[in-house]
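Got a structure here, written out as structure tokens. Questions coming.
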Amino acid sequence: MDALELAADVFVAGGGPAATWAALQAARDGAQVVLADKGFCGTSGATAAAGTGVWYVPPEPAAREAAMASREELGGRLADRRWAARVLRETYDRMNELAVVARYPFPVGEDGAQLRTGLQGPEYLRRMRILVRRAGVRVLDHSPVTELLADPSGAVAGAAGYRRQARQPYRVRAGAVVLATGGCAFLSKALGCDVNTGDGALFAVEAGAELSGMEFSNAYGIAPEGTSVTKTAFYHFATFYRADGSVLEGASGIRRTPIARELLTGKVFCRLDLADERARTAMRLAQPNFFLTFDRMGIDPFREKFPITLLAEGTVRGTGGIRIVSDDCATTVPGLYAAGDAATRELICGGFTGGGSHNAAWAISSGTWAGRGAARYARSLGVRATGRRVRALGEAGLRPSGPPRDEHREIVAGVQREVLPYDKNYLRHGNALTASLAELDGLWTQLRTSLGGAGESAVRTRQAAAMTAHARWMYRAALARPESRGMAKRLDFPDQDSAQQHRLRTGGLDQVWVRPERTAEAAAGAAS
């Protein structure tokens, strides 16, 4: 079948909160927009499958000061106050817009005022899809992107992919591209994350962009054993137990190292026995899907113990991603913008996020800014925006140096062996990281030589390549930070080193490089 050929001012890759906010803002700024989602826009991704808290703080100086200060130490003092303040302002405005324009049904508190600090993913994204469609955005569902396009100068000029239901390749020439494809969870089966395989980061680096914060990528979510529900906030009300019934000291919803250590040799059980009746009622209202699993199994999680596991969430719940270099979320490549979990979140929370909250606010804000910036850039090109000569940028997993073979399952299994085990990724040690990198580098060499496919097969082979690249970037960055800061813990360097208060920029494909970048706070301290 012939490829579908389209043209747009702005192309948005992704279909979650960041992507829909980007598409909506670009359309409102007068741009013609095409959005392509790997799944069905409005139902796919980590947010659509669950509820999420949002970093929503009223414009009261003391409250916002406390909000910004709350994560600074936890994140290793790598955040930027100016960016955090911008996100708080933008998120506040956009959440209020959801209430007024989209008529989102926020719950009401005892004082009669709406509680706008959380969103139910299915309803949130259903309404975002409606807003996007009403704004005139063309939505391509079940149409994963497989590569970017660039003009002769190297500026990004569109994207190509595959429409699964139509079984048809497509190509969109565009003035600018927003990557909002999410982070990478390595197909760990964490809730809603099977579409999050790090594709956007691979596309960006192939175009010449940089990454940042890739060492902050060893996030694991707690889930009842045999399930995918990694909603971790409620485990603050939990007591954890060993298989013999004794309490697992030091374990909590945040402190998961004791849990990971115990799971290496046996089972860990949990009971949400610290929640009083009022908290239990509020929890069921806030996150009804959290309790579906327990209800189906006939378990009362407040009174009965149940076995748990940890599922890797990588840069979905971590902070690493594509490095942005301006207030409109532009990358180092002209015409390319990044938003949501595909972009680094270090600017607002340093080396630690957790789920929802900051990530949810970042998706709203960065999506809005990226959409606006992409529309502005496309306008600056004038009539030549969609008429430029273009070349395809995809390489690994798409155009191997030798005869192509679809061996994506072998590659994915190899990557998962190095990034899912707790004693390799969560409980990091330099020796283990080095050994894993040797395996991952071998997989990269293999896939560069032979991994390739067409149509649906190309989608799978590109995912395998993206996961391999992601693992190599994050382990190289982890080795380049010989200390423990934020979520980047090192067993061989358990302390934080004041001399390493810098971010780590990462890039490269065949040869991965890592370079330090001083934070604004550190630079100001050095100058004073």
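The values are calculated or read from the model by the stated rules, or taken from the named source; none is laboratory data. Nothing here was measured: the structure is a model prediction, and the numbers come from that model. Here the Cβ positions follow ideal geometry from the backbone for every residue, glycine too, while neighbour counts run over all protein chains shown.
Among the listed residues Ser246, Ser326, identify the single one that is more than 30 Å from Arg376 (Cβ to Cβ) and either touching an Asp or Glu at 6+ places or on another chain (Cβ under 8 Å) or small (Gly, Ala, Ser) (or both).
The match here is Ser246.
Another question about this same structure. So, of the residues in the stretch 364-401 that are more than 23 Å from the chain's Cα centre (by Cα) and of a type in the set (Val, Ile, Thr), which turns out to be modelled with the highest pLDDT?
Looking at residues that are more than 23 Å from the chain's Cα centre (by Cα) and of a type in the set (Val, Ile, Thr), I get Val390.
A follow-up question, please. I'd like the full set of residues that are over 22 Å from the mean Cα position of the chain (by Cα) and among the polar types (S, T, N, Q), limited to the stretch 211-246.
Once the filter is applied, which keeps residues that are over 22 Å from the mean Cα position of the chain (by Cα) and among the polar types (S, T, N, Q), the stretch 211-246 yields Thr239, Ser246.
If I filter the stretch 247-259 for residues that are among the hydrophobic types (A, V, I, L, M, F, W, C), modelled with pLDDT of 95 or more, closer than 30 Å to Ala480 by Cβ and within 29 Å of the chain's Cα centre (by Cα), do I get at least one hit?
Taking every residue of the stretch 247-259 in turn, none turns out to be among the hydrophobic types (A, V, I, L, M, F, W, C), modelled with pLDDT of 95 or more, closer than 30 Å to Ala480 by Cβ and within 29 Å of the chain's Cα centre (by Cα).
Looking only at the stretch 397-437, which residues are without any contact (Cβ under 8 Å) to a residue 24 or more places away in the chain and either surrounded by 20 or more Cβ atoms within 10 Å (Cβ to Cβ) or farther than 28 Å from Ser457 by Cβ (or both)?
Pro421, Lys424, Ala432, Ala435
Please verify whether Ala66 is over 19 Å from Trp369 (Cβ atoms), part of a loop (DSSP other than H, G, I, E, B) and among the small types (Gly, Ala, Ser), treating the condition exactly as stated.
No: the conditions fail for Ala66.
A further question on this structure: Which members of the stretch 192-216 meet the condition of being surrounded by 23 or more Cβ atoms within 10 Å (Cβ to Cβ) and either within 30 Å of Arg280 (Cβ to Cβ) or modelled with pLDDT under 95 (or both)?
Matches in the stretch 192-216: Gly192, Cys193.
Any chance you could count how many residues in the stretch 127-166 are of a type outside the set (S, T, N, Q) and either in a helix (DSSP H, G or I) or in contact with a Pro (Cβ under 8 Å, 6 or more places away or on another chain) (or both)?
Total meeting the criteria: 16.
OK, next. Of all residues in the stretch 365-385, count the ones that are surrounded by 24 or more Cβ atoms within 10 Å (Cβ to Cβ), assigned to a helix (DSSP H, G or I) and touching a Gly at 6+ places or on another chain (Cβ under 9 Å).
7
Hey, could you check the stretch 92-126 for residues that are part of a helix (DSSP H, G or I) and crowded, with 19+ Cβ neighbours inside 10 Å and say which is modelled with the lowest pLDDT?
Gly121
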